[in-house]
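The values are calculated or read from the model by the stated rules, or taken from the named source; none is laboratory data. As the structure is a prediction and not an experimental result, all values here were calculated from the model. All Cβ positions, glycine included, derive from the backbone under ideal geometry; neighbour counts span all protein chains shown.
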Amino acid sequence: MRYSLLGILGFAVMLVACTHTVSAPKDDESSEISSSSKKVSSSESKESEKGSSSSSGKQAKSSSSDKTETKKSSSSASDNSDCVGESGEPWDGTTAKDFACGAGTKLSPYIILTAEQLAHLSFVVNSSDKAYQGKYFKLGADIKLNKGDVIDDKGALVGDSTKLHKWTPIGNSSVGFDGNFDGDGHTVRGMFINTTSTHNGLFGNNQGQVLNLFLKDSWVSGGKNTAGIAGNSGGSIAAVQNFASVTGTENIGGIAGQSNGPYPQKASIRDCHNYGAIKGKNYIAGIVGLTYNATLDSCKNYGYIEGEKYVAGVAGKGAYSYVSSYTINSDELVNIGDVIGKIYVGGVFGSCGGDYCSGSYKCGVTTNLLNVGKIVGEERTAGIAGHYCAGTLKSAGNQGVIEGKKYTAGIAGYLSLSTTSSIYNVGTVVGSMYVGGIIGDNEEGVTSSAYSTGKVDGDSLVGLMIGYNYNTTMADYYYLEQGEQEPFGLNNGGGVATPKTADEMKSDDFAALLGDEFAYDSELNDGYPVLKWEME
């Protein structure tokens, strides 16, 4: 939106407050930020946004709320006389001396109209200016940090790195942004970061609140704790979408590189979507690379994800191996993008809980999870979690192709000391050892209400339901009959699984048999039952 002096003078009588009501970006590649969770099923084709990638022919369903009205917040400032400027013009690399207007309060936030004013926010935060600590900030226009295209449709850098203005993140390893930043549905475009240092993103270190924002046509390359929106976040991030390409070493994400709250306060990431290609070494994911003592809610990844260890569509690693009191709680997490890694690779979590599973290193409570993308790894590879320890996993499904070696499955490659219920797999699973349609290796837990129809192939300890089952309490397990293939590779104590035909499984009766979490719709999931939350 452009603001001119004549326009503002012409409406001076009407504009008694510094209030900006702005429409969502009308860019062809933009999709509105949803104020409610986005649901999926097998009828939605993958969105072709900048930075998104193929989902291996799998499909997802989106409810009508998927493209709901962009969140807007209205505010009134005591003085609007300075709310003019060349809003939306490309950044010239300089820093403004002040914001457009506002008092920095909740009712009168500082209004940012230009890239120079956004750079001013970076300056006052990084210089620890106490006058701006804990204040409220709001975008009043789209921001362009560079002229022309920075990345192409596949996420590759096309801008001349010697001529692009380099962005200095808001906050760094020693200083955190502790205020409230409302993007008001606007877009920040053309951000360029190319460094080996830590804490990179639009915000390097967020300890406050960031919400209602698009980040597009941007390139972020850095060291540890690097992401599109916030390299590190101990506060909250909500209703944001990242289209930037992000590369780094460890703790790399589309939304946050690392998210952990100062105990007992939890950090949170809610209503966030990633479309950018995310690449790195360890703790790599579409939403957040490493997270503990945090809540994830209504997050979806469409982007291509590539790394080595702890690699996932949503969270590379949830919970922390050496901090027994930290857990992650999550709800409605969906992966549609392809994920490529080596060890601890998953559609939703690479790993959740401690590496050496015990009751002290807990995953927490994770509900309403879905993978549609193709997941490829070597050890501990699965549609939902490559490794899942000491948690509660409920209402989860896999529709994607899973390819791994040791500990490979539709839902969890390795599962221990956990309670699972209302889970299903319809994807093909291929591995070598400990391979299952639902779980590769299941130890000392409680599991119920599950079905699998996907093809399962491997060399040893291979089952249509579970590769290796040890000391587990289980009930209501069902699988699609596939010749002479057995439901367990080896069942060392704990329940049975019941075979069904395809006709039997594609029915209301079978959905009812699975329990209240499931529903039948002949047009969804190739006629097999789906989880009710997918239909909302």
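Listed here are the residues, each with its yes/no results for (1) of a type outside the set (S, T, N, Q); (2) farther than 23 Å from residue 357 by Cα.
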{"residue": "432", "(1), (2)": "no, no"}
{"residue": "445", "(1), (2)": "yes, no"}
{"residue": "464", "(1), (2)": "yes, yes"}
{"residue": "473", "(1), (2)": "no, no"}
{"residue": "479", "(1), (2)": "yes, yes"}
{"residue": "500", "(1), (2)": "yes, yes"}
{"residue": "513", "(1), (2)": "yes, yes"}
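Against the condition in a loop (DSSP other than H, G, I, E, B) and either buried (at least 24 other Cβ atoms within 10 Å of the Cβ) or in contact with a strand residue (DSSP E or B) (Cβ under 6 Å, 6 or more places away or on another chain) (or both), how does residue 397 come out, does it pass? Against the criterion (in a loop (DSSP other than H, G, I, E, B) and either buried (at least 24 other Cβ atoms within 10 Å of the Cβ) or in contact with a strand residue (DSSP E or B) (Cβ under 6 Å, 6 or more places away or on another chain) (or both)), residue 397 does not qualify.
When residues in the stretch 368-394 are screened for being among the small types (Gly, Ala, Ser) and in a strand (DSSP E or B), 4 of them pass. Residue 509 is checked against (1) within 22 Å of residue 371 (Cα to Cα); (2) outside the structural domain of residue 437 (by TED's automatic domain parsing) and fails just one. What number does that condition carry? Answer for residue 509: the failing condition is (1). Per the listing 463, 489, 494, the residue uniquely more than 33 Å from the chain's Cα centre (by Cα), of a type outside the set (Asp, Glu), surrounded by 14 or more Cβ atoms within 10 Å (Cβ to Cβ) and more than 17 Å from residue 449 (Cβ to Cβ) is 489. For residue 499, the conditions (1) surrounded by fewer than 18 Cβ atoms within 10 Å (Cβ to Cβ); (2) not in a strand (DSSP E or B) are fulfilled apart from (2).
Checked against (1) out of contact with any Gly (no Cβ under 6 Å at 6 or more places or on another chain); (2) assigned to a strand (DSSP E or B), residue 163 meets all criteria but (2).
Residue-by-condition table, conditions (1) in contact with a strand residue (DSSP E or B) (Cβ under 8 Å, 6 or more places away or on another chain); (2) free of Cβ contacts under 8 Å to residues at least 40 places away in the same chain; (3) closer than 18 Å to residue 267 by Cα; (4) of a type in the set (D, E, K, R):
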residue	(1), (2), (3), (4)
304	yes, no, no, no
311	yes, no, no, no
347	yes, no, no, no
363	yes, no, yes, no
377	yes, no, no, no
382	yes, no, no, no
386	yes, no, no, no
402	yes, yes, no, no
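Name the residue that is nearest to residue 464 (Cα to Cα), counting only residues in the stretch 427-444 that are surrounded by fewer than 24 Cβ atoms within 10 Å (Cβ to Cβ) and not hydroxyl-bearing (Ser, Thr, Tyr). So, considering only residues that are surrounded by fewer than 24 Cβ atoms within 10 Å (Cβ to Cβ) and not hydroxyl-bearing (Ser, Thr, Tyr), the one nearest to residue 464 (Cα to Cα) is 430.
Close contacts from the stretch 433-457, counting a first residue that is within 18 Å of residue 504 (Cα to Cα) and a second that is of a type in the set (D, E, K, R), with Cβ to Cβ under 8 Å and a gap of 6+ residues or different chains, come to 449/476; 449/517; 450/476; 451/500.
Here is a yes/no grid of residues against (1) under 28 Å from the mean Cα position of the chain (by Cα); (2) surrounded by fewer than 16 Cβ atoms within 10 Å (Cβ to Cβ); (3) of a type in the set (Val, Ile, Thr); (4) in a loop (DSSP other than H, G, I, E, B):
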| residue | (1), (2), (3), (4) |
| --- | --- |
| 87 | no, no, no, yes |
| 94 | no, yes, yes, yes |
| 98 | no, yes, no, yes |
| 104 | no, no, no, yes |
| 107 | no, yes, no, yes |
| 121 | yes, no, no, no |
| 131 | no, yes, no, no |
| 134 | yes, yes, no, yes |
| 137 | yes, no, no, no |
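Looking at the stretch 348-369, can you tell me whether even one residue there is crowded, with 24+ Cβ neighbours inside 10 Å, under 20 Å from the mean Cα position of the chain (by Cα) and farther than 20 Å from residue 466 by Cβ? Yes - at least one qualifying residue is present in the stretch 348-369.
Among the residues of the stretch 319-326, is there at least one that is assigned to a strand (DSSP E or B) and buried (at least 24 other Cβ atoms within 10 Å of the Cβ)? No; the residues of the stretch 319-326 include none that is assigned to a strand (DSSP E or B) and buried (at least 24 other Cβ atoms within 10 Å of the Cβ). Filter the stretch 388-422 for residues that are β-branched (Val, Ile, Thr), under 21 Å from the mean Cα position of the chain (by Cα) and modelled with pLDDT of 95 or more; which is nearest to residue 378 (Cα to Cα)? Taking the candidates together, the pick is 402. Highlighted here are the strands (runs of 3 or more DSSP E) found entirely within the stretch 196-271 that include at least 1 residues which are over 25 Å from residue 327 (Cα atoms): 209-216, 219-221, 236-242, 245-247. With respect to (1) closer than 24 Å to residue 431 by Cα; (2) part of a loop (DSSP other than H, G, I, E, B); (3) of a type outside the set (A, V, I, L, M, F, W, C), the lone exception for residue 521 is condition (1). The residue that is farthest from residue 409 (Cα to Cα), counting only those in the stretch 445-465 that are outside any strand (DSSP E or B), in contact with a Leu (Cβ under 9 Å, 6 or more places away or on another chain) and small (Gly, Ala, Ser), is 445. Residue 421 passes every criterion in (1) closer than 17 Å to residue 444 by Cβ; (2) in contact (Cβ under 8 Å) with a residue 40 or more places away in the chain; (3) crowded, with 24+ Cβ neighbours inside 10 Å; (4) hydroxyl-bearing (Ser, Thr, Tyr) apart from (3).
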